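Beneath this line is the structure, given in structure tokens, with notes to follow.
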Amino acid sequence: MPIAAARSPAAIFFASVSILLISGDVILAARRPHVRHHETHHYAPAEVIEGLPDHTNPVDSAALKCSSCKVLTTEVWERLHALAKKRNGRPVHHEQVDVIEDMCKAVKNQYGLLMRNNKPTTEFSKDPRYSTVKGQWIVPYLEGRCGKILASHEEQILEKYRHVRTLNDFLKIICQRLDRSCQGEDFDSTGDL
């Protein structure tokens, strides 16, 4: 008997379909379910899967690009700010580069799309108080946007960081002027990301 014929229908289903899973308040997705020792997973309702934003739609795409830029910029700000404190305001350039080198991997592991009223939004969040959706196209999208922004603007980001005093000013410079993904966004009234 061929090996493929010995597989159960459930095994074939799990091997060929991306599945959204719920872990506590956080929704995770995996090609094959990955269970951490302390988590219990449940299948996400169909409306969550069907309600994912369409990243190919121009309106959703623009919102996702802006949100991903804000995520990256906030993470860069926090990491560089911590380094500056550690080095008494005088970090060396290579230390700054090292700090943001693994940024995209960290961002993809921490962030997901924010859930509101049990529906995914176009806003990325890592706030543990709220449910988020990961997986499907979401994690590769965020990692890809992060890589693209850093590849295009890393030196400018490091240079601009030295001259700004607030996160909101940094967001304006990076996401409005350099990346141009948040045109029309009012960063002066931005709350938690």
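The values are calculated or read from the model by the stated rules, or taken from the named source; none is laboratory data. Note that the structure is a prediction, hence the values are computed from the model and not measured. Neighbour counts run over all protein chains shown; Cβ positions are idealised from the backbone, glycine included.
Worth pointing out:
- Residues in segment 80-105 that are crowded, with 16+ Cβ neighbours inside 10 Å and either touching a residue at least 24 places away in the same chain (Cβ under 8 Å) or assigned to a loop (DSSP other than H, G, I, E, B) (or both): LEU80, PRO91, GLN96, ILE100, MET103, CYS104.
- Residue count for segment 132-171, restricted to those that are over 19 Å from the mean Cα position of the chain (by Cα) and either of a type in the set (D, E, K, R) or under 14 Å from ILE100 (Cα atoms) (or both): 9.
- Residue that is farthest from VAL59 (Cα to Cα), among those in segment 120-146 that are among the small types (Gly, Ala, Ser) and buried (at least 16 other Cβ atoms within 10 Å of the Cβ): SER131
- Any hit, segment 38-53, residues being closer than 23 Å to LEU171 by Cβ and either among the polar types (S, T, N, Q) or modelled with pLDDT of 50 or more (or both): yes
- Residues of segment 106-151 that turn out to be among the aromatic types (Phe, Trp, Tyr) and either in contact with a helix residue (DSSP H, G or I) (Cβ under 9 Å, 6 or more places away or on another chain) or assigned to a strand (DSSP E or B) (or both), as a count: 3
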